[in-house]
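The values are calculated or read from the model by the stated rules, or taken from the named source; none is laboratory data. All values reported here derive from a predicted model rather than from experimental measurement. Reconstructed Cβ throughout: ideal geometry from the backbone, glycine too, with neighbour counts over all protein chains shown.
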Amino acid sequence: MSNTIIRFENVTKAYDDTVVLNNVNFEIERGKFYTLLGPSGCGKTTILRLIAGFIQPTSGKVFIDDKCVNTIPAHLRPVNTVFQDYALFPHLNVFENVAFGLRIQKVKEAEVKERVANALKFVNLEEYQTREISEMSGGQRQRVAIARAIVNRPQLVLLDEPLSALDLKLRTEMQYELRELQQRLGITFVFVTHDQEEALALSDEIFVLNKGIIQQSGTPTDIYDEPINRFVADFIGESNIVDGFMLEDNLVSFANRSFECVDQGFNQNEPVEVIIRPEDLEITTAELGKITVQVDSILFRGVHYEMSCYDEFKNEWLVHSTKKVDVNSKIGLNFGPEAIHIMRLGETEAEFDKRLEAYEE
Amino acid sequence: MEQTKKWFANGYLILVFVILYAPILFLTAYSFNSGGSMVGFDGFTLEWYQELFSDTRLLIIVLNTLVIALISATIATIVGVAGAVAIHNIEKTKYRSMLLTLNNILVVSPDVIIGASFLILFTMLGISLGFFSVLLSHIAFSIPIVVIMILPKLKEMSPTLVDAAQDLGASQWQVFSKVILPYILPGVFAGFFTALTFSLDDFAVTFFVTGNGFNTLAVEVYSLARQGISLKINALSTIIFAITLALVLGYYFLSTRKKPKTLGGTD
């Protein structure tokens, strides 16, 4: 059995004239937690529905376990889904909802009882077997939906924004539980969300999608620290993006000054985009800073203050700091070479990876 | 001010119901009249009821009516469920609304026209008029009603329920029998009972397509009434009214008792 469980080969999905998924290629490995991340309408749910078999690709092939499943209907695929609205059957109680898949497979009654009880135990609902769905809260329904998916022992569980209907506190709690559940079960989870924090916290691998194309894939730290383009940098966390150009390897120029950095493989004087994360900027006095800015507004965010500042070239700089400064005061910003990340304009993911490999050796 | 308004509202409501039920009550009262006509109440008697139960011909007609109603409502419900699901599943809105309109036209078109067109159809096809022709036409005019009663339930159902059932391994038939059917069951029952009542009290269509000595109650009562009124009809009407009332009350108590508990619902 190979380690790859899902493979997409040049998959395109179009409705009439609108292309929702444009020539997508990727692989998903066994036992990991994957997240498809992107704004609404980016095609992430389409990928999920293609894997589940609710829709068929317009062109290209979907493989499960190295077998092309284009012609295999949803009810014969070894995949189970947790839906955004949970899709629990209102005419069945908790036990029967979870047992639905097992009953279809004609599993023996004693085994059904045992497996349903186990699945409910996994999601901490063992006391609720005889409850009606209408008597359960949102968080509890969520757990029933998860139990209903895992009771069939699928190789892959698909989760379609399952936490979006919960309040913030419950959502954070469920994030921990989902992650732990995936690790205990050791099966592959593919999770769809538009919430970047959720994606960073949960995933082994993230696919960032926009306009039907996978923009970048990688571990949360890779994607956060080395975004491939403006969209990814903007979508994952807050970032300061300014135009600049590369003077030579390890030396970049922006805001009318040159700075040391750790990026290589560019042409001389190539125009680039420079990213510095707000939390990597350190506040000092105007004289000591590498850049001098004027504070325009300040917001208290709880853990830190968020300051919006402008330098003399009208570039906006977002700064996160626990230090409070006065509005309209002039401050200096300090940062190390590691804090600077350079993006080549219009670079594809393959080119990006190649360039990274070239100078990391 | 508020008080008088309430009195007026209640009084009005009572008046409306009295006017609506007065003819039935009038008819019921005279079914116990020993006078033999509907002019002046002479004394209490159960004579008309006795006469009714000894009239086998009339009882057979009652039985015919019930048999036609039950069979036609059952078949119409089965066909109607299939039709509603099919209409619901049509993806192109244009075709779906077209079919729905065709369905609705059948519901609103006058019985006389439906009856006449069935008569023409049956004569053309050479189907002899009698039990079978009445049954066929009752099935036909009941189907659109059943479809209309079931469609809202289907519309209300979240499409992810079907996805979820498929996802859990249910074949198309299992999706229907284990998820869709239980969900729309209230609509199916409502459709069945509506079809039943439509069939029971249909006069116009049956009047056209019956023949060969086969009669249903509505047509029979009509022809009896033309010959001169016997209080036997009053007795029969009273019994039917009592049974209907009992059924409605029974349905009411069953449906209020089975309502799901709403306390402690969400969160």
Check: within 27 Å of A:E198 (Cα to Cα), in contact (Cβ under 8 Å) with a residue 60 or more places away in the chain and in contact with a His (Cβ under 8 Å, 6 or more places away or on another chain) - does that describe any residue in region A:18-38?
Finding: yes
Next item on the list: Tell me which residues, restricted to region A:81-122, are within 9 Å of chain B (Cβ to nearest Cβ) and small (G, A, S).
Entry: A:A87, A:G101
Next item on the list: Go through region B:20-42 residue by residue and tally those that are closer than 17 Å to B:A225 by Cβ, in a loop (DSSP other than H, G, I, E, B) and either small (G, A, S) or in contact with a Leu (Cβ under 9 Å, 6 or more places away or on another chain) (or both).
Entry: 4
Checklist line | Only one of B:Y30, B:Y12, B:Y49, B:Y95 that is within 30 Å of A:D16 (Cβ to Cβ) and over 21 Å from the mean Cα position of the chain (by Cα) | finding: B:Y95
Margin query: Exactly one condition in (1) out of contact with any strand residue (DSSP E or B) (no Cβ under 6 Å at 6 or more places or on another chain); (2) more than 10 Å from chain B (Cβ to nearest Cβ); (3) crowded, with 21+ Cβ neighbours inside 10 Å is false for A:V157; which is it?
Written below: (1)
Checklist line | Residue that is farthest from the chain's Cα centre (by Cα) [pool: residues in region B:157-171 that are in a helix (DSSP H, G or I) and either at pLDDT below 90 or within 7 Å of chain A (Cβ to nearest Cβ) (or both)] | finding: B:D167
Margin query: Show the residue pairs meeting these rules: Cβ distance below 9 Å; 6+ apart or different chains; first residue within region A:93-119 and more than 18 Å from B:Q174 (Cα to Cα) and in the same structural domain as A:Q129 (by TED's automatic domain parsing); second residue assigned to a helix (DSSP H, G or I) and of a type in the set (S, T, N, Q).
Written below: A:V94/A:Q140
Checklist line | Tally, over region A:250-286, of residues that are in contact (Cβ under 8 Å) with a residue 24 or more places away in the chain and in a loop (DSSP other than H, G, I, E, B) | finding: 14
Notebook entry, point to check: Does region A:33-52 include one or more residues that are basic (K, R) and surrounded by 15 or more Cβ atoms within 10 Å (Cβ to Cβ)?
Noted result: yes
Next item on the list: Hand me the list of helices (runs of 4 or more DSSP H) wholly inside region B:43-126 holding 1 or more residues that are under 21 Å from B:A204 (Cβ atoms).
Entry: B:56-89, B:93-108, B:111-125
Next item on the list: Among the residues of region B:122-138, write down those that are aromatic (F, W, Y), in contact (Cβ under 8 Å) with a residue 60 or more places away in the chain and out of contact with any helix residue (DSSP H, G or I) (no Cβ under 6 Å at 6 or more places or on another chain).
Entry: B:F131
Next item on the list: For residues that are surrounded by fewer than 16 Cβ atoms within 10 Å (Cβ to Cβ) and without any contact (Cβ under 8 Å) to a residue 40 or more places away in the chain, tally how many sit in region A:53-90.
Entry: 8
